Amino acid sequence: MYDALTGHYTFSCPAVGHVQVRLSAFRSLERLPGASHPAVYRVVFACSCGGEHEGLVTHDDLDWAPLGASGADFFNLMTARVESAADDLLDLAARRIGSGDWPWTFFCYPENRAQPVFPSAFLLLSPAADELGLAVRCPVCECTTVNLVSRPHVDLPFYNDRNVRVVEHVFERDRDDCVTAFRQELDSGAFDVRRRDLAA
C-alpha cells in the first residue's frame, strides 16, 4: 500500500489500473466505524486519470509506514541481495522525535500554537496554486483549524514549512458540521478571498 522509499500510496483506478499518489493528493480522510486494530480510513484521492476515487488505508499505512515501519525493501548492489531499510528508517525517526522534531505539525488557531500530528488527524486537503489548504483536527483541543502549507509539508515526514498561514476561524466542534462548513466555504470562493487577505 505505501512505499517508504518513494513516498507513494498505491490505489486502484477504474481507468488506468493501479496508480501511485502522494499524501498531498488525498482530498478527504474519514475514519470508518468498526475495526480499531488497525483502524481503517476511507480516503478520496485525486488520480492521474483526472478523476477522484475512493480508497481504504489502515492506520498503520497512514501514520507509521511513512516513517519506515512498512519495511522498505531495496536491492543492495554491494551484497546482491534484497534487504530492508525499515530498521534504519525507524531508528532515524525515533532519534528525530526524541530530539523534539515531529514528522508532521500544524498550527492550532484556538490554542495559538504549533501542534504535532499524524496524517490520521487530517480531514480535508484542497490544492491551490503552490500550496494546500489543510483542515486538521487538533489532537489536544479537538477543534479544526485550516492551515495553508506546501505540498512537501504534507508529503515528507520531518519537513516543516518555515511559515504556515492559518485561516483565522473557529469551526464547530462537531465533526460533521465542521467538514460540511469547510466544504461549503471551499465551494463558495470565500476560501480564496481569505487566502488572498492572508497573503497581503
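Any residue at all in the range 26-33 that's farther than 18 Å from Leu123 by Cβ and buried (at least 17 other Cβ atoms within 10 Å of the Cβ)? The answer is no; no qualifying residue exists.
Given the criteria among the aromatic types (Phe, Trp, Tyr), assigned to a strand (DSSP E or B), touching a residue at least 40 places away in the same chain (Cβ under 8 Å) and in contact with a strand residue (DSSP E or B) (Cβ under 9 Å, 6 or more places away or on another chain), does Phe106 qualify? Yes; evaluated as a whole, the condition is true for this residue. Counting only strands (runs of 3 or more DSSP E) that sit wholly inside the range 25-70, those with at least 1 residues that are basic (Lys, Arg) and within 16 Å of the chain's Cα centre (by Cα) are 26-36, 39-46.
Of the listed requirements (1) surrounded by fewer than 13 Cβ atoms within 10 Å (Cβ to Cβ); (2) at pLDDT below 80, Leu92 misses just one: (1). State the number of residues belonging to the range 2-24 that are within 15 Å of the chain's Cα centre (by Cα), more than 27 Å from Ala129 (Cβ to Cβ) and hydrophobic (A, V, I, L, M, F, W, C). Going through the range 2-24 one residue at a time, the tally reaches 1. For the range 47-66, the tally of residues that are of a type in the set (A, V, I, L, M, F, W, C) and closer than 21 Å to Pro157 by Cβ stands at 4.
Please report, ordered by residue number, the helices (runs of 4 or more DSSP H) entirely within the range 112-200 with at least 1 residues that are modelled with pLDDT of 90 or more and out of contact with any Ser or Thr (no Cβ under 6 Å at 6 or more places or on another chain). Ranges flagged: 151-155.
The values are calculated or read from the model by the stated rules, or taken from the named source; none is laboratory data. Worth saying up front: this structure is predicted, and the values here are computed from it rather than measured. All Cβ positions, glycine included, derive from the backbone under ideal geometry; neighbour counts span all protein chains shown.
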